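Participant: For reference, the structure I am asking about is given below.
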Amino acid sequence: MAELLIIYTGGTIGMVPGPTGLQPGQGVLEAALAPRLPAGQRVRVERFDPLVDSANIGPADWNRMLDLIEAADCTGVIVVHGTDTMAYTGAALSSALPDLAVPVVLCGAMVPLGQGGDAEGNLDLALSAAQGAPGVWLAFAGKVMPAAGLVKHDSHAADAFRSHPQGPFRTPARRFADRRLAVLTLTPGVSAQAIEAMLATLDGAVLRVFGAGTMMANPALGAVLHAAVARGCRLRAVSQCEAGGLEPAAYAAGAGLWAAGVENGGTETPELALARLWLGLS
Ligand code: ASP
């Protein structure tokens, strides 16, 4: 039987109580995995050392996952990962692996293994999805969802994720280069100087703008955005609404964004816009 690759990064699923809260535990996942594998299933576990809370996952980790996935001779991959940045990793792997021949299934849980919560069910679902269709997926709370447009919408409930459909994306870049990017949120009253100070440190940014694509009538802010784009800082707008996306021509209050050269992220989640922008700059 062909090999299953498990990339174990950490996350609540394998955590145990520690002095300051839940922290990665040794051998928790491996103990739960062994009795669940079909007879004869060959498995290779690539384990992050140390295992991490997903708050610590970043572009270098996405590159490491991509290296492992692309080098593997396997029929499926399970990436065990914390839920807090699952949507970022789902967006990153989906964007960098558009032509996958095997399933890559993200797996995590809201409650650790062995505590009567969601972990065992999510692991079983991931093991079954890893024998299914190619692509990048999240197996969570009984659903197998495309990982490109994930939103973690609940910080406690077992049904913590939904996935918004996303269009295709093509880029020659397959790894995340050493660039400076961030997601910035426009808020009522924010000053042009504050946005300028942030943009001065960045090669690109996702701008969470209002509604269908508007911003405040602040000429100084428009000038800051224009100057950033003119010096090569790529700006990509997404909506602060979870669903629906942008409609650039809908409101006069959006005209300043597009005139400044801000890109239209359409229906992208902030996580997906960040991953795509990052690859675009890589
Ligand atoms: N803080 C945890 C993490 O993201 C939460 C989880 O896994 O559910 O690693």
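The values are calculated or read from the model by the stated rules, or taken from the named source; none is laboratory data. Just so we're clear, the structure is a prediction, and the values are computed from it rather than from any experiment. FYI the Cβ positions are ideal-geometry reconstructions off the backbone, even for glycines, and counts take in every protein chain you see.
Participant: Quickly run through segment 196-228 and pick out the residues that are touching a Leu at 6+ places or on another chain (Cβ under 9 Å), closer than 19 Å to A253 by Cβ, surrounded by fewer than 21 Cβ atoms within 10 Å (Cβ to Cβ) and aliphatic (A, V, I, L, M).
Facilitator: Within segment 196-228, A212, M216 qualify.
Participant: Determine the pairs where a residue that is under 17 Å from G108 (Cβ atoms) and among the acidic types (D, E), located within segment 12-27, has a partner that is away from the ligand (no atom under 13 Å from the Cβ) and part of a strand (DSSP E or B) with Cβ atoms under 8 Å apart, the partner being 6 or more residues away or on another chain.
Facilitator: none
Participant: For segment 1-40, which positions are surrounded by fewer than 15 Cβ atoms within 10 Å (Cβ to Cβ) and among the polar types (S, T, N, Q)?
Facilitator: T20, Q26
Participant: Turning to a different aspect of this structure: Out of all the residues in segment 195-204, is one or more among the small types (G, A, S) and touching an Asp or Glu at 6+ places or on another chain (Cβ under 6 Å)? Working first, answer last.
Facilitator: Taking segment 195-204 as the starting set, the residues that turn out to be among the small types (G, A, S) are 197, 200, 204.
Those still in the list that are touching an Asp or Glu at 6+ places or on another chain (Cβ under 6 Å) too: none.
Within segment 195-204, not a single residue is among the small types (G, A, S) and touching an Asp or Glu at 6+ places or on another chain (Cβ under 6 Å).
Participant: Sticking with this one: Identify, from the list G40, G90, G82, G135, the residue that is small (G, A, S) and farther than 30 Å from V183 by Cα.
Facilitator: Values: G90 fails: farther than 30 Å from V183 by Cα; G82 fails: farther than 30 Å from V183 by Cα; G135 fails: farther than 30 Å from V183 by Cα.
From the options G40, G90, G82, G135, the qualifying one is G40.
Participant: Quick one: in segment 229-242, which of the residues that are aliphatic (A, V, I, L, M) and surrounded by 12 or more Cβ atoms within 10 Å (Cβ to Cβ) is farthest from R208 (Cα to Cα)? Walk me through it before giving the result.
Facilitator: Applying the first criterion (aliphatic (A, V, I, L, M)) to segment 229-242 yields 229-230, 235, 237-238.
If we keep only those that are surrounded by 12 or more Cβ atoms within 10 Å (Cβ to Cβ) too, we end up with 229, 235, 237-238.
Numbers: V229: 16, L235: 10, A237: 6, V238: 5 Å.
Among those that are aliphatic (A, V, I, L, M) and surrounded by 12 or more Cβ atoms within 10 Å (Cβ to Cβ), it is V229.
Participant: Then there's this: Please identify the pairs in which a residue from segment 38-58 that is within 24 Å of G18 (Cα to Cα) has its Cβ atom under 6 Å from the Cβ atom of a residue that is in a loop (DSSP other than H, G, I, E, B), counting only partners at least 6 apart or on another chain.
Facilitator: Listed by first residue and then by second, the contacts come to D53/G82; S54/G11; S54/H81; S54/G82; S54/D84; S54/T85; A55/D84; I57/T85.
Participant: A further question follows. Output the residue which, of all residues in segment 132-188 that are of a type in the set (D, E, K, R) and either touching a Phe, Trp or Tyr at 6+ places or on another chain (Cβ under 6 Å) or within 19 Å of P59 (Cα to Cα) (or both), is nearest to the ligand (Cβ to nearest atom). Full working, then the answer.
Facilitator: If we filter segment 132-188 for residues that are of a type in the set (D, E, K, R), which is where we start, we get 143, 152, 154, 159, 162, 170, 174-175, 178-180.
Checking the rest, the ones that are also either touching a Phe, Trp or Tyr at 6+ places or on another chain (Cβ under 6 Å) or within 19 Å of P59 (Cα to Cα) (or both) come to 152, 170, 174-175, 178-180.
On the way: K152: 9, R170: 30, R174: 25, R175: 23, D178: 24, R179: 24, R180: 23 Å.
Result: K152.
Participant: Please give the strands (runs of 3 or more DSSP E) falling wholly within segment 1-78 in which 2 or more residues are at pLDDT 95 or above and more than 16 Å from the ligand (Cβ to nearest atom).
Facilitator: Working: elements: 3-10, 15-18, 21-24, 42-52.
Strands (runs of 3 or more DSSP E) meeting the threshold: 3-10, 42-52.
Participant: Further question: Across segment 142-179, what is the total count of residues that are within 17 Å of P98 (Cβ to Cβ), loosely packed, with under 12 Cβ neighbours inside 10 Å and touching a residue at least 12 places away in the same chain (Cβ under 8 Å)?
Facilitator: Final tally of qualifying residues: 4.
Participant: Are there any pairs with C-beta distances below 7 angstrom linking a residue in segment 70-83 that is closer than 18 Å to L29 by Cβ to a residue that is in a loop (DSSP other than H, G, I, E, B) and acidic (D, E), with the two at least 6 apart or on different chains, and if so which?
Facilitator: G82/D53
Participant: Give segment 243-266 a look and list any residue that's touching a His at 6+ places or on another chain (Cβ under 7 Å) and surrounded by fewer than 17 Cβ atoms within 10 Å (Cβ to Cβ), or say none.
Facilitator: Applying the first criterion (touching a His at 6+ places or on another chain (Cβ under 7 Å)) to segment 243-266 yields 243, 260-261.
A243, G261, listed by residue number.
Participant: Out of the residues in segment 79-131 that are more than 16 Å from the ligand (Cβ to nearest atom), assigned to a loop (DSSP other than H, G, I, E, B) and under 17 Å from the mean Cα position of the chain (by Cα), state the one that is surrounded by the most Cβ atoms within 10 Å (Cβ to Cβ).
Facilitator: Filtering first and then ranking leaves L97.
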